Amino acid sequence: MSCEVALPVPLRSTFTYLVPESLAERAVVGARVLVPFRNRALVGVIVEAARRAREDKPLKELQDVLDPAAALPPRVVELGRWVANYYLAPEGEVFRGMLPPQIDLRADRELRVTPAGAERRRALAARGNRSEAEVDELALLRLAEIEGQPVRADRVGKLPGGTRAAESLLRRGMLEAREVARRRKPRTQRIVAWGRTADGADAIPGTEIERRLHQVLSAETGPLPFAELLRRTGVSRTAVERLIGNSILASWEEPLVPATAATALEIDEAPPSHVLNADQLAALGEIRGWIESRAFTVGLLHGVTGSGKTEVYLGAVEAALAQGRTALVLVPEIALTLWMGRVCRARFGAIVAVLHSGLPDVERVREWWRVRSGEARVVVGTRSAVFAPLENLGVVIVDEEQEPSYKQEETPRYHGRDVAVVRAKMESAVALLGSATPSMETFHHAQKGRYRLLQLGSRVENRPMAAVEIVDLRDDFRQSHSSEPISGALQAAIARRLAEGTQSLLLVNRRGYSWYALCRSCGASLECANCSIALTYHKGRGRLECHYCGYSRAVPKTCPKCESKHLYFVGAGAEQLEERLKTLFPAARIGRLDRDTARQPRMWQQLLGAFADGRIDVLVGTQMVAKGHDFHRVTLVGVVSADTQLGLPDFRAAERTFELLTQVAGRAGRGELPGQVLVETYHPEHYAIAFAAQQDYLAFFEKELHYRRMMHYPPFAALASVLVRDARLENAVKWSREIERFFTGATAGAASGGVRVLGPAPAPLARLRKEFRFQFLLKSPKRAELGRLLRAALDHCTRKEIPQKAVMVDVDPLSLM
Ligand code: ADP
Ligand code: ZN
Ligand code: ZN
């Protein structure tokens with residue numbers, strides 16, 4: 001028998017292995033296996049089992065099956081295969097992202113002497129005078145040969161000059177390296193139990209100490225880990241050791257199963273649970289009906305900010321659990337998993353697991369297996385948690401479904417929300433997408449009746465939406481004649497909040513001090529050495545930095561192009577706003593939240609915590625401040641330069657701007673106090689800004705939909721981008737031409753299937769991380785056609801020997817930069 005294994009290599013195929021008799025029983029679909037692959041040992045997943053081996057091809061055997069039961073449930077394997085196929089991603093790379101981190105394996109490098117190496121050893125041994133390097137080589141070759149076995153690479157390092165000799169011999173083909181995986185010894189713990197006499201009866205406790213131990217081990221708890229026994233009874237280590245020696249106590253080693261080693265759950269204070277209002281009840285009633293019907297349904301919960309969507313989510317989870325099914329809750333940011341995890345744990349207790357990439361490996365492994373074993377039945381997580389190994393799924397919830405962070409911007413380039421819908425379909429479950437500003441695609445589906453629309457039209461307890469006012473920066477400049485980033489109106493509004501003791505939140509679209517530096521003499525901006533993008537000035541660090549590749553340089557005194565001394569800095573980022581606020585309001589407590597001040601989710605959480613507790617008066621930050629948070633004392637939200645996104649060459653620029661403004665406006669007035677929002681802009685007439693100010697989602701949607709229809713953009717066409725990239729311009733050009741020839745042929749006349757191919761054109765970011773980039777944009781009224789054409793294009797690239805990493809396909813791209 002043989003099986004198909006998905007391996008974490010960038011190849012769009014699976015690999016066939018023989019299943020040895022001894023492993024046949026455990027080699028099932030979804031099992032993690034260890035296999036030999038090109039001198040390495042890799043961990044893969046069985047995606048198809050028990051196919052008859054073809055005789056004509058010599059096949060290698062599975063080396064090991066790693067888990068007693070399949071790691072991935074069959075439905076999840078099916079989902080992974082769908083993702084690979086739909087997003088044209090290598091199957092193994094998809095599955096790699098679906099498995100828990102591998103902490104139970106260790107890779108060792110081994111070196112073997114080749115025939116050429118043996119020859120060399122004989123030649124060197126026969127020679128009289130040897131150079132120092134040759135002495136080292138000989139020592140190494142001897143070591144490898146004397147033992148007759150491969151030498152572990154870590155031993156080579158201990159020979160004098162060993163590492164250098166090994167490198168040289170490897171290069172000359174005299175040694176061969178391979179990687180072997182070994183299982184780590186499972187961690188164990190020592191368990192202590194009350195001893196038994198030969199006839200199986202409890203040993204009789206004699207002393208006071210023995211009576212105490214007997215009481216605990218025999219009556220109260222049963223066998224206990226050594227350390228815990230000491231803690232509980234207060235008996236000394238030596239006393240227990242002695243009793244084990246006397247067979248009064250029994251003891252053995254037991255593997256430490258990650259799932260049972262869980263640390264004590266943090267105690268959560270239960271948040272106030274609310275009596276649901278009529279809108280919430282109506283929405284929940286519908287959702288419950290869908291879950292009970294066990295038919296695949298997608299619902300869109302369109303609720304304005306502060307309308308109480310979270311309570312509806314909790315109700316949906318409860319409904320699924322009540323049926324003995326499981327639930328998945330996806331949120332767009334790691335920081336929100338902490339919050340949502342706490343809310344869910346307060347409601348559902350220890351059956352809640354939290355999964356995200358920010359967790360330390362051991363913790364992630366533990367949570368993952370808790371889910372897999374069925375112990376955890378509610379999963380809260382970010383994008384990748386859509387692959388959580390839950391079985392019997394009842395509902396999957398995607399909060400803030402419009403968030404771009406659901407899209408993975410590296411291979412596999414999947415969209416977590418769309419995968420959630422597919423998963424719900426495969427499991428006859430309910431997908432519930434929630435948002436105040438649904439994406440164009442989702443709302444369009446709801447309008448067409450493919451998704452069921454549920455609405456929460458007003459805020460809880462009839463709190464008013466915050467009033468939004470537009471500050472026209474052109475007027476402000478005419479009055480003040482200064483290019484102050486904080487307009488007069490916004491300054492006055494902040495001053496008022498400080499006087500009355502409530503809080504303000506300021507959104508600015510960029511971090512750093514200034515967006516870019518320009519030369520007044522030649523007009524050049526200072527660009528990244530690796531990317532075609534202007535560098536951002538960071539004053540605190542005194543550097544110019546690239547936000548794409550991390551390149552940074554000192555601030556030059558003169559223009560690198562023309563040597564003029566007249567460099568000036570344009571655009572105020574978060575760092576500069578913070579500085580301005582401190583100057584304007586020296587007595588106020590100012591905080592800044594962006595990726596410079598909060599590198600880890602914990603720091604982010606701390607800053608938000610300080611703001612929530614009222615230890616910060618004015619918080620300025622990037623879009624990190626805009627989403628999801630529920631602060632009750634924020635009465636002012638200021639948006640500094642609402643326009644920055646509108647200028648981007650991206651068909652979603654208006655949608656993003658509208659959404660960001662609506663979301664951030666939704667942070668004001670969520671408590672008892674009414675809120676006010678000030679939006680600074682140079683384009684008050686732009687529909688994205690005007691409708692956001694009116695908080696009119698429907699009006700924006702209609703207008704934007706009209707534009708999308710005219711331009712053949714989603715949701716009216718399926719879109720894909722093909723990016724060709726290489727560090728050498730001539731390669732990028734040559735390969736783009738080759739692909740262009742293919743597309744021209746494949747879409748000529750009747751063969752087109754309605755697919756239109758635009759490009760190649762330089763990508764908006766024409767150079768990124770030293771690579772030149774050309775882009776094709778494919779639009780198709782039919783999705784299936786698009787998939788077929790892309791697949792054919794990739795096959796063509798393989799035939800023409802265009803390196804796989806030079807061609808990047810993005811199906812349903814979110815960003816076209
Ligand atoms: P959304 O996610 O829709 O913006 P949230 O779910 O964060 O809104 O709810 C906003 C606030 O309203 C929260 O503080 C929440 O505790 C509160 N809330 C939710 N439902 C009710 C209710 N029925 N009555 C009173 N307050 C509620
Ligand atoms: Zn210059
Ligand atoms: Zn760069």
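The values are calculated or read from the model by the stated rules, or taken from the named source; none is laboratory data. None of these values were measured; they are calculated from a predicted model. Neighbour counts are summed over all protein chains in view; Cβ atoms, including those assigned to glycine, are modelled from backbone coordinates with ideal geometry. Just the protein is used for accessible areas: all its heavy atoms, side chains included, with ligands, DNA and RNA removed. Shrake-Rupley method; radii C 1.70, N 1.55, O 1.52, S 1.80 Å.
Return the residues of the stretch 142-158 that are aliphatic (A, V, I, L, M) and surrounded by 16 or more Cβ atoms within 10 Å (Cβ to Cβ); say none if nothing qualifies. Break it down stepwise before answering.
Residues of the stretch 142-158 aliphatic (A, V, I, L, M): 143-144, 146, 151, 153, 156.
Those that are aliphatic (A, V, I, L, M) and surrounded by 16 or more Cβ atoms within 10 Å (Cβ to Cβ): L143, A144, V151, A153, V156.
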Quiz prompt | Search result, residues across the stretch 77-124 that are within 22 Å of E4 (Cβ to Cβ), in contact with a helix residue (DSSP H, G or I) (Cβ under 6 Å, 6 or more places away or on another chain) and aliphatic (A, V, I, L, M) | solution = L79, V83, A84, L88, V94, M98
Quiz item: Does V555 satisfy being at pLDDT 90 or above and not hydroxyl-bearing (S, T, Y)?
Solution: yes
Exercise. Quickly run through the stretch 457-488 and pick out the residues that are in contact with an Asp or Glu (Cβ under 7 Å, 6 or more places away or on another chain), farther than 20 Å from H302 by Cα and surrounded by fewer than 20 Cβ atoms within 10 Å (Cβ to Cβ).
Key: G488
Exercise. Answer yes or no as to whether T558 is among the β-branched types (V, I, T) and surrounded by fewer than 16 Cβ atoms within 10 Å (Cβ to Cβ).
Key: yes
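Name the residues in the stretch 700-751 that are in a helix (DSSP H, G or I), in contact (Cβ under 8 Å) with a residue 60 or more places away in the chain and open to solvent by 40 Å² or more (accessible area, probe 1.4 Å), would you?
Going through the stretch 700-751, the residues in a helix (DSSP H, G or I) turn out to be 700-711, 729-746, 749-751.
Filter once more, so that each one left must be in contact (Cβ under 8 Å) with a residue 60 or more places away in the chain: 701, 704-705, 708, 711, 731-732, 735, 738-739.
Answer for the stretch 700-751, where residues must be in a helix (DSSP H, G or I), in contact (Cβ under 8 Å) with a residue 60 or more places away in the chain and open to solvent by 40 Å² or more (accessible area, probe 1.4 Å): just M711.
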Exercise. Kindly provide the set of residues from the stretch 418-455 that are closer than 26 Å to K805 by Cα and open to solvent by 10 Å² or more (accessible area, probe 1.4 Å), ordered by number.
Key: D418
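So which of E391, E318 is in contact with a Lys or Arg (Cβ under 8 Å, 6 or more places away or on another chain), assigned to a helix (DSSP H, G or I) and charged (D, E, K, R)?
On the way: E391 fails: assigned to a helix (DSSP H, G or I).
Answer to the check: E318.
Hey, among the residues in the stretch 513-530 that are within 16 Å of ligand 3 (Cβ to nearest atom) and either under 24 Å from the mean Cα position of the chain (by Cα) or not small (G, A, S) (or both), which one's nearest to L646 (Cα to Cα)? Spell out the reasoning first.
Within the stretch 513-530, the first condition is being within 16 Å of ligand 3 (Cβ to nearest atom), and the residues that meet it are 515-517, 525-530.
Within this subset, residues satisfying the condition of being either under 24 Å from the mean Cα position of the chain (by Cα) or not small (G, A, S) (or both) are 515-516, 526-528, 530.
Details: W515: 16, Y516: 18, L526: 23, E527: 22, C528: 23, N530: 25 Å.
My answer is W515.
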Exercise. Examine the stretch 562-573 for a residue that is surrounded by 19 or more Cβ atoms within 10 Å (Cβ to Cβ), among the β-branched types (V, I, T), outside any helix (DSSP H, G or I) and more than 16 Å from ligand 1 (Cβ to nearest atom), and state whether such a residue exists.
Key: no
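How many residues, within the stretch 312-326, are closer than 13 Å to F348 by Cα and in contact with a helix residue (DSSP H, G or I) (Cβ under 6 Å, 6 or more places away or on another chain)? Working first, answer last.
Step one: of the stretch 312-326, the residues closer than 13 Å to F348 by Cα are 313-322, 326.
Those left that are additionally in contact with a helix residue (DSSP H, G or I) (Cβ under 6 Å, 6 or more places away or on another chain): 314-316, 319-320.
The total comes to 5.
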Practice problem: Would you check which residues across the stretch 545-554 are open to solvent by 60 Å² or more (accessible area, probe 1.4 Å), closer than 13 Å to K770 by Cβ and in contact with an Asp or Glu (Cβ under 9 Å, 6 or more places away or on another chain) and list them? | Solution: Y551
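Looking at the stretch 18-39, which of its residues are part of a strand (DSSP E or B) and either open to solvent by less than 10 Å² (accessible area, probe 1.4 Å) or on the phi > 0 side of the Ramachandran plot (or both)? Give the derivation first.
First, the residues of the stretch 18-39 that are part of a strand (DSSP E or B): 18, 32-37.
Residues satisfying the conditions are R32, V33, L34, V35.
Condition check ((1) of a type in the set (K, R); (2) under 23 Å from Y548 (Cβ atoms); (3) open to solvent by less than 30 Å² (accessible area, probe 1.4 Å)) across all residues:
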{"site": "Q600", "(1), (2), (3)": "no, yes, no"}
{"site": "W604", "(1), (2), (3)": "no, yes, yes"}
{"site": "G609", "(1), (2), (3)": "no, no, yes"}
{"site": "V618", "(1), (2), (3)": "no, no, yes"}
{"site": "A626", "(1), (2), (3)": "no, yes, yes"}
{"site": "L646", "(1), (2), (3)": "no, yes, no"}
{"site": "L661", "(1), (2), (3)": "no, no, yes"}
Self-check item: From the options A385, A327, A320, residue that is within 27 Å of A70 (Cα to Cα), among the small types (G, A, S), touching a Leu at 6+ places or on another chain (Cβ under 6 Å) and modelled with pLDDT of 95 or more
Solution: A385
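Here's the yes/no breakdown for (1) more than 16 Å from ligand 3 (Cβ to nearest atom); (2) under 19 Å from A572 (Cα atoms):
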position	(1), (2)
E469	yes, no
S480	yes, yes
L490	yes, yes
Q503	yes, no
S532	no, no
Quiz item: If the Cβ limit is 9 Å and pairs must be 6+ apart or interchain, which residue in the stretch 494-521 that is on the phi > 0 side of the Ramachandran plot and in a strand (DSSP E or B) pairs with which residue that is open to solvent by 10 Å² or more (accessible area, probe 1.4 Å) and within 16 Å of ligand 3 (Cβ to nearest atom)?
Solution: none
Quiz item: Assuming R237 fulfils every condition listed in (1) within 47 Å of the chain's Cα centre (by Cα); (2) modelled with pLDDT under 90; (3) open to solvent by 60 Å² or more (accessible area, probe 1.4 Å) apart from one, which condition is it?
Solution: (2)
Quiz item: How many residues are in contact with a Lys or Arg (Cβ under 8 Å, 6 or more places away or on another chain) and either near ligand 3 (Cβ under 9 Å from one of its atoms) or open to solvent by 70 Å² or more (accessible area, probe 1.4 Å) (or both) when one looks only at the stretch 534-544?
Solution: 2
Quiz item: Which residues, taken from the stretch 514-525, are within 16 Å of ligand 2 (Cβ to nearest atom) and either touching a Lys or Arg at 6+ places or on another chain (Cβ under 8 Å) or open to solvent by 40 Å² or more (accessible area, probe 1.4 Å) (or both)?
Solution: Y516, C519, R520, S521, C522, G523, A524
Quiz item: Of the residues that sit in the stretch 98-141 and are closer than 23 Å to A385 by Cβ and open to solvent by 50 Å² or more (accessible area, probe 1.4 Å), which one is nearest to the chain's Cα centre (by Cα)?
Solution: Q102
